[in-house]
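First up is the structure itself, then whatever we jot down about it.
Where a number appears in this text, it was derived from the coordinates with a stated rule and is not lab data. Everything numeric in this text was worked out from a predicted model, so none of it was measured. In this analysis, Cβ positions are derived from the backbone assuming ideal geometry, glycine residues included, and neighbour counts consider all displayed protein chains.
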């Protein structure tokens, strides 16, 4: 991925992650993963081909398939490679719900990968709402898009 280019990662079984439940598929074929049982999750994404340094900025967009706890959408924070937590901006339009933030990498480097940390604030169990599912859920992500802004 070069500066200004975007890459999109599907939240399926190939996603290298922690803090998510196993992948699911909607009736229309959309792959997604629920964050849980903790509200904190981690995704490892390939580093851009151009490399990233302390001056690099990456725009990260989480495409929300579903929000079991929708009130947290405006409170989600993201961090890159151990960098500072950045509040994500919420966008809802005809193409769906997304949250995005511009992130600078922190001091924790990984060979060939970037560590994206997601704080979705809290989770809740559907069982608490009278359903059978006992999992603690927060947000279901379908894709994660990244765009290099400078390098």
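Note: relative contact order over the chain, using C-alpha pairs below 8 Å and six or more positions apart, is 37 percent.
Which one of 130, 106, 96 has the biggest mean-square fluctuation once the chain is modelled by GNM with Cα springs under 10 Å? Judging by the Gaussian network model, the answer is 130.
In summary, the convex hull built on the alpha carbon positions of the chain has an orientation-averaged projected area of 8.9 nm².
This ranking places 137, 90, 80, 15 by how few other beta-carbon atoms lie within 10 Å of each, fewest first, which gives 90, 15, 137, 80.
Sorted ascending by nearby beta carbons within 10 Å, beginning with the fewest, 44, 9, 20 become 44, 9, 20.
Here the extension length gained between residue 30 and residue 14 equals 4.3 nm, from 0.36 nm per residue of separation less the Cα-Cα distance. Placing a pseudo-label 7 Å from each Cα along the Cα-to-Cβ vector at residue 6 and residue 44 gives an inter-label distance of 2.6 nm.
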